[in-house]
Structures are given as C-alpha cells and as structure tokens.
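Notes for the one structure printed next.
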Amino acid sequence: MKTVTLIGKPGCHLCDDARAVVGEVCAQLGARWEEKDITQDEELYRRYWEQIPVVLVDGAQHDFWRVDPRRLRAALEA
C-alpha cells in the first residue's frame, strides 16, 4: 500500500483544498495518508516553502500547489 504525504501549513487555503482532494482519493482507494506542517520542521520548510502544498507518494514528490484527483488516483493505482 502506498502512502501519501501532504506537506503544508496552517492558514493556507491551497493546503485546505489539497487536504480535501487527498482525503477523498485516499478514502476511496483505502490508501494511507499523513500531513506534515512545514512550520514544525526546518528541513521541510527549507525544501518546500515556495511550493506548498506539496504531495508526496511514497516519499517522492508527486504534485504541488494544486492536486489533480485523477492524477493522484492513477499514481496510487499504479
């Protein structure tokens, strides 16, 4: 089973949108997902602060800013 990681921060409307898409797609497919806050992790902040929200699939960057549900579904089903 693949793991989706959503990297974002509080108060980010794009992160809220991404959370909804990730949550829905993962629920439909039974995939596991987690969320990480860049304000609580210095390394994530340095790496992704200009791209949030960022979605990783099994640790590899999949998307940023906007999450396409069809593309995420395809990555999880591959």
For this session: Kindly provide the set of residues from the range 1-41 that are under 11 Å from the mean Cα position of the chain (by Cα) and among the small types (Gly, Ala, Ser), ordered by number.
Result: 8, 18, 20, 23
Problem set entry | Residue satisfying condition, being among the hydroxyl-bearing types (Ser, Thr, Tyr) and buried (at least 19 other Cβ atoms within 10 Å of the Cβ), within set 39, 5 | 5
Exercise. Across the range 42-58, what is the number of residues that are under 19 Å from residue 70 (Cβ atoms) and open to solvent by 80 Å² or more (accessible area, probe 1.4 Å)?
Worked result: 1
Seminar exercise, completed: Within the range 11-35, restricting to residues that are free of Cβ contacts under 8 Å to residues at least 40 places away in the same chain and open to solvent by 90 Å² or more (accessible area, probe 1.4 Å), the one that is nearest to residue 73 (Cα to Cα) is 32
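The values are calculated or read from the model by the stated rules, or taken from the named source; none is laboratory data. The structure presented is a predicted model; accordingly, all values stated were derived computationally and were not measured. Ideal geometry is used to build each Cβ from the backbone, glycine not excepted, and the neighbour counts take in all protein chains shown. SASA here: full protein model, heavy atoms, side chains in, ligands and nucleic acids out. Shrake-Rupley method; radii C 1.70, N 1.55, O 1.52, S 1.80 Å.
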